[in-house]
Amino acid sequence: MSNAAGQRIFLTGASSGIGAALARAYAARGATLGLVGRREDALQALLAELPGTHAYYVADVAEPEQLATVAWQFIEQFGLPDVVIANAGVSAGTLTEERGDLAVFERVLRTNLLGMVATFQPFLMAMRRAHTGQLVGISSVAGVRGLPGAGAYSASKAGVTRYLESLRVELRGSGVRVTEIRPGYIATPMTAVNRYRMPFIIPAEVAAQRFIRAIDKGIARTTIPWQMGVVARIMPHLPCWLYDFLASRAGRKPRGLRT
């Protein structure tokens, strides 16, 4: 029996991309899923194709009250989740000089960083009391160092890394595990808009299987695929003059929100 068989999984950002791939992989292994997303039609379509008993909840992670409501609905229906995966995220190309992009900065930070906090919060006290559970946050290699034209996204993912590290230390010895997964390039609707080379890109289905293996092992932090892990280890040690030169030549994400 796999580690996922019989598990209860609460998953945000389940409508498409990595979230939908994770839902399919977990359902195939016998887990019970609570699928959270903003698009009801996409959630219904996903639910219809999954084996087993699951539920979907329409909510925006940038709205904490909505998340609290659906979290309690999941607990009432299935019990306390074994694993909570804060996967929901948005991406956008942003420019500080563009006044209209200030609202985009706010939306990205509220969704990617504060939305993760709001995802974990409804479950954490009960997990502490039960001395069990796992909180999984999806960050990004983009948070290792700032990328040009992606200030909002890079800042949000850097914040996620520091938040998850703080949370992991806070929960040390509590029985509640914290796992950070830093994806590189994954083939999803979010990356489909990129008009530049994306090294080591892998399909979402392949990424989902690797995510689950890392979650099963309770790894504190991992980068997927491993080739981007090598890059992520090197990048912090580059002097600013060299990093700035190299990064300034990188492709830039088009402006506008992508989910």
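Being modelled with pLDDT of 95 or more, small (Gly, Ala, Ser), in a loop (DSSP other than H, G, I, E, B) and under 14 Å from the mean Cα position of the chain (by Cα) is true for just one of Ala62, Ala23. Which residue is that?
Only one candidate qualifies: Ala62.
Give the residues of segment 7-61 that are among the charged types (D, E, K, R) and within 20 Å of Gly115 (Cβ to Cβ), sorted by residue number.
If the condition is that a residue be among the charged types (D, E, K, R) and within 20 Å of Gly115 (Cβ to Cβ), then Arg38, Arg39, Glu40, Asp60 are the ones that fit.
Which condition number in (1) outside any helix (DSSP H, G or I); (2) under 13 Å from the mean Cα position of the chain (by Cα); (3) among the small types (Gly, Ala, Ser) is the one that Gly115 fails?
Against the list (1) outside any helix (DSSP H, G or I); (2) under 13 Å from the mean Cα position of the chain (by Cα); (3) among the small types (Gly, Ala, Ser), Gly115 comes up short only on (1).
Enumerate the pairs (first residue in segment 109-133 and more than 17 Å from Thr69 (Cβ to Cβ) and at pLDDT 95 or above; second residue anywhere and among the hydroxyl-bearing types (Ser, Thr, Tyr) and not in a helix (DSSP H, G or I)) with beta-carbon separation below 6 Å, excluding pairs fewer than 6 apart on the same chain, so at least 6 apart or on different chains.
Arg128/Ser174
Quick one: which of Ala92, Ala88, Ala71 is assigned to a loop (DSSP other than H, G, I, E, B), surrounded by 16 or more Cβ atoms within 10 Å (Cβ to Cβ) and either modelled with pLDDT of 95 or more or within 16 Å of the chain's Cα centre (by Cα) (or both)?
Just a single option satisfies the conditions, and that option is Ala88.
Considering only segment 37-53, state which residues are outside any helix (DSSP H, G or I), surrounded by 15 or more Cβ atoms within 10 Å (Cβ to Cβ) and touching a helix residue (DSSP H, G or I) at 6+ places or on another chain (Cβ under 6 Å).
Within segment 37-53, Gly37, Leu50 meet the criteria.
When Gly34 is evaluated against the numbered criteria (1) touching a Lys or Arg at 6+ places or on another chain (Cβ under 8 Å); (2) more than 23 Å from Val108 (Cα to Cα); (3) outside any strand (DSSP E or B), which criterion, by number, is the only one it fails?
(3)
Which of the residues spanning segment 140-155 are out of contact with any strand residue (DSSP E or B) (no Cβ under 9 Å at 6 or more places or on another chain), in a helix (DSSP H, G or I) and not aliphatic (A, V, I, L, M)?
Ser154
Yes or no, residue by residue, for (1) touching a Ser or Thr at 6+ places or on another chain (Cβ under 9 Å); (2) surrounded by fewer than 23 Cβ atoms within 10 Å (Cβ to Cβ); (3) within 26 Å of Tyr163 (Cβ to Cβ):
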{"residue": "Ser16", "(1), (2), (3)": "yes, yes, yes"}
{"residue": "Ala25", "(1), (2), (3)": "no, yes, yes"}
{"residue": "Val58", "(1), (2), (3)": "no, yes, yes"}
{"residue": "Glu76", "(1), (2), (3)": "no, yes, no"}
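Where in segment 166-259 are the strands (runs of 3 or more DSSP E), entirely inside, with at least 1 residues that are under 23 Å from Val117 (Cβ atoms), of a type in the set (Phe, Trp, Tyr) and modelled with pLDDT under 85?
none
All but one of (1) part of a helix (DSSP H, G or I); (2) buried (at least 22 other Cβ atoms within 10 Å of the Cβ); (3) small (Gly, Ala, Ser); (4) under 15 Å from the mean Cα position of the chain (by Cα) hold for Gly137; which doesn't?
The one condition Gly137 does not meet is (1).
Of everything in segment 203-219, what is among the aliphatic types (A, V, I, L, M) and in contact with a Ser or Thr (Cβ under 7 Å, 6 or more places away or on another chain)? Give them in sequence order.
Ala204, Ala214, Ile215, Ile219
The values are calculated or read from the model by the stated rules, or taken from the named source; none is laboratory data. Everything quoted here is computed from the prediction, not taken from an experiment. Cβ: placed from backbone, ideal geometry, glycine included. Neighbour counts: every protein chain shown.
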